[in-house]
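Following: one structure in structure tokens, then a few remarks.
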Amino acid sequence: MVSGINRPHLQLLTLLRSPLLLLLASGPAVAGLDVYGRLNVTLQDSEEARGSVVELQSNASRVGVKGEEALGNGLEAIYQFEWEVDPDADSGDDNISPRNQFVGLAGAFGTLKVGRHDTALKDAQGDFELFDNLEGDIKNTFNGENRLKNYVGYTTPTFADALSVTVNLFPGEDAAAGNDGIADGTSIAVTYETDLLYAAVAHDSDLDGEGVETLRLAGGYTHGPARFGLLYQQTEAGNVDGDGFGASLAWSFGDNTAKLQYVDADIWRTTPQADPFDNLLDSQLSLGLDHDLGEHTKVFGFYTTGDIGGTNQSNDYLAVGIEHQF
């Protein structure tokens, strides 16, 4: 083992080094390969029900490789390997975790992917989410924000330049529990998207637990410097059901974007936790401002407050941060 580098770090360095060397060595042979990443770190005052702390937080910082290769007759091989990394973790921590990782084929028939990927229902939110991977992320209030292994996904070609359908199948790989088919869990979405308008309806079955059914409706509209988003979701778990609503607004001016997002739900009732402080939130309000320093770099700040479902407690966050993409 290389001194000062633990095994997860060494594995990632090895994985990244190989495509980079191939890119330099063989040129056009791997011209379709893209090495990319994002570092997003905030300094934040976190006032949580369990306690308060000023902390440095990495927000789904990541690194990855992706690309495509023409196979002839309009067919392409596509692939992606992406990992979340935490630059704020202790050196001994296993701070590398998988994100979307797949191989697939794309052509006139549509796109087929197998591996690990965000579900169709998660992707169906479109651009609604303004605080993705930050404390205001809707995953704190809504279920269905899943990225799962055993992913078999197909997306149709786009019809009328706007309409497409995505179907995800998830084999359970557990014969003893009766989950021995190709579709023990499913996620399906129908989306309509133009430059100005977005609409989607999506449904999950048995992905957040046996018998859990989730319906999501999402919509968005862009008008000049403003982008509006709406989200509705209903979840059923046996005899218990919950629903939720959200609205978001982003307003761009110069190199700045002001953001407002509010969600309200009782979905926490469908999967109450043994410790109530682990419940999903029943409401969450976030305010933020981004300032672009360049094409790939921005500084930002946000305030988020959220009420914990089934309690009279709340979590509050005030943060400033920086993000750089490459």
What is the set of long-range amide H partners of Asn146 at a cut-off below 5 Å, with H atoms built 1.01 Å from backbone N?
Thr119, Lys122
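Sum up the charges of everything whose Cβ sits under 11 Å from the Cβ of His296, counting Lys and Arg as +1 and Asp and Glu as -1, but leave His296 out.
For residues surrounding His296, the net value is -1.
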If every Lys and Arg gets +1 and every Asp and Glu gets -1 at its Cβ, then about the Cα centre the range 149-265 yields a dipole, in debye to the nearest 20, of 620
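Once you keep just the Cα pairs under 8 angstrom separated by 6 or more residues, what percentage relative contact order results for the range 219-284? Don't skip to the end; give the middle numbers.
Values: 120 pairs, mean separation 16.9, N = 66.
It comes to 26 percent, rounded to a whole number.
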The answer for the net charge of residues other than Leu56 whose Cβ lies under 11 angstrom from its Cβ, with Lys and Arg +1 and Asp and Glu -1, is -3
Under the Karplus relation with 6.51, -1.76 and 1.60 and θ = phi - 60°, whole-Hz ³J(HN,Hα) for the range 136-147, x at Gly and Pro, equal x, 4, 5, 5, 6, 10, 10, 7, x, 8, 9, 10
Report Rg(Cα)/(2.2 N^0.38 Å) for the range 125-194, keeping two decimals.
1.39
Rounded if a/c is under 1.5, else prolate if a/b is larger than b/c, else oblate: which is the chain, with a ≥ b ≥ c the root eigenvalues of its Cα gyration tensor?
rounded
Taking K and R as +1 and D and E as -1, what net charge do the other residues with C-beta under 13 Å from the C-beta of Thr257 add up to?
-2
Between the alpha carbon centres of the range 286-313 and the range 230-256 the gap in Å comes to 16
Step through the residues of the range 120-133 one at a time and calculate ³J(HN,Hα) from phi using the Karplus curve (6.51 cos²θ - 1.76 cosθ + 1.60, θ = phi - 60°), rounding each to whole Hz and writing x for Gly and Pro.
4, 5, 4, 5, 5, 5, x, 9, 4, 6, 9, 10, 4, 6
Mean accessible surface per residue for the chain, computed with a 1.4 Å probe while every protein chain stays in place, in Å²
52
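If we sort 41-49, 172-180 on the protection proxy, mean other Cβ atoms within 10 Å, highest first, what's the order? Working shown, then result.
Values: 41-49: 17.4, 172-180: 11.2.
Peptide ranking by packing, descending: 41-49, 172-180.
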5 Å is the cut-off here: which amide hydrogens, built 1.01 Å from N in the peptide plane, fall below it relative to Asn179, excluding neighbours closer than 5 in sequence?
Asp174
Putting +1 on Lys and Arg Cβ atoms and -1 on Asp and Glu Cβ atoms, find which of Thr311, Ala77, Ala237 reaches farthest to the positive end of the dipole of the chain.
Ala77
Result: in the chain the number of Lys pairs with C-alpha under 29 Å apart, spaced 8 or more or on different chains, is 16
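Within the chain, what whole-number % of the accessible surface is contributed by carbon and sulfur, with the 1.4 Å probe and all protein chains included in the calculation?
On the way: 9400 of 16870 Å².
Reported share for carbon and sulfur atoms: 56 percent.
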In the range 106-147, the chymotrypsin sites (Phe, Trp or Tyr not before Pro) that sit in a DSSP loop and have at most 15 other Cβ atoms within 10 Å of their own Cβ are Phe109
Please work out whether the range 61-187 counts as rounded, prolate or oblate from its C-alpha gyration tensor, where a ≥ b ≥ c are the square roots of the eigenvalues and a/c under 1.5 means rounded, while otherwise a/b larger than b/c means prolate and anything else oblate?
rounded
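In debye, nearest 20, what is the charge dipole magnitude of the chain about its Cα centre with +1 on Lys and Arg Cβ and -1 on Asp and Glu Cβ, if you could check? Don't jump to the answer; show the numbers that get you there.
On the way: 18 positive and 50 negative charges, 203 e Å.
In debye, rounded to 20, the chain gives about 980.
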Whole-Hz Karplus ³J(HN,Hα) for the range 217-227, in order, using 6.51 cos²θ - 1.76 cosθ + 1.60 and θ = phi - 60°, x for Gly and Pro?
10, 9, x, x, 8, 10, 9, x, x, 9, 10
Taking only Cα atoms and a 10 Å spring cutoff, compute GNM fluctuations for the chain and point out the largest among Gly242, Gly229, Gly72.
Gly72
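Rounded, prolate or oblate: which fits the range 98-165 when a ≥ b ≥ c are the square roots of the eigenvalues of the alpha-carbon gyration tensor, with rounded for a/c under 1.5 and prolate only if a/b beats b/c? Could the numbers behind the result be given before it?
Numbers: a/c = 2.78, a/b = 1.47, b/c = 1.89.
Taking the square roots of the gyration eigenvalues as a ≥ b ≥ c, the range 98-165 is oblate.
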Which cross-chain or sequence-distant (5 or more) residues have an amide H under 5 Å from the amide H of Leu281, H modelled 1.01 Å from N in plane?
Thr141, Gly309
Give the value in nm², to one decimal: projected area of the alpha carbon convex hull of the range 229-326, averaged over all directions.
7.9
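The values are calculated or read from the model by the stated rules, or taken from the named source; none is laboratory data. Here the structure is a predicted model, which is why all the values come from computation and not from measurement. With ideal geometry, Cβ positions are generated from the backbone for all residues, glycine too; neighbour counts draw on all protein chains shown. Each accessible area value is taken on the protein alone, full model and side chains, heavy atoms only, with ligands, DNA and RNA left out. Shrake-Rupley method; radii C 1.70, N 1.55, O 1.52, S 1.80 Å.
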